[in-house]
């Protein structure tokens with residue numbers, strides 16, 4: 001018994017499993033990898049939740065958001081207005097366009113840069129808001145999955161409201 005015990009202790013003893021450790025050098029432990037992936041996913045979700053949390057905004061910020069929403073409709077409506085002006089009073093329109101043709105080319109480049117930066121910043125802000133909403137939706141996925149699983153198994157959806165659950169139990173006993 002002593003020799004077999006010594007061989008087994010060599011392979012599996014000391015609170016270690018030498019055979020398993022040797023195999024894990026060549027093949028990843030699927031259970032440990034799943035645990036690492038779950039931890040990494042949870043950490044990423046926490047980071048997203050902190051990064052994209054809804055911020056408290058004051059009156060000035062809300063006012064500036066309203067002002068920032070004006071250029072796009074103003075550009076669109078102004079362009080339509082130019083078409084209408086060209087049809088209603090072609091001479092007036094031609095005089096205005098002749099004035100615009102006198103604007104130097106560097107000023108047009110500057111206008112292009114300003115408009116590009118404005119719409120680029122707006123696009124980035126909207127993209128970040130979309131990511132924040134996406135993170136909130138993905139964070140709800142486990143709850144939805146549990147609810148769907150409970151429904152598929154024929155059980156009732158667990159109540160988040162204990163008072164409602166008590167009321168239902170009392171109604172069933174009457």
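Normalised size of the chain, defined as Cα radius of gyration per 2.2 N^0.38 Å with N residues, equals 2.13.
When each of the peptides 31-43, 124-136 is scored by the mean number of other C-beta atoms lying within 10 Å of its residues, the order from highest to lowest reads 124-136, 31-43. Taken over segment 93-139, the alpha-carbon convex hull comes to 70 cubic angstrom per residue. Averaging 1/r over each pair of different alpha-carbon atoms in segment 60-123 and inverting the result gives 14.0 Å, the Kirkwood hydrodynamic radius. Note: relative contact order over the chain, using C-alpha pairs below 8 Å and six or more positions apart, is 22 percent.
No lab work stands behind these numbers, since they all come straight from the coordinates. Everything numeric here is computed off the predicted structure, so don't read it as measured data. Glycine also receives a Cβ, built like all others from the backbone with ideal geometry; neighbour counts cover every protein chain displayed.
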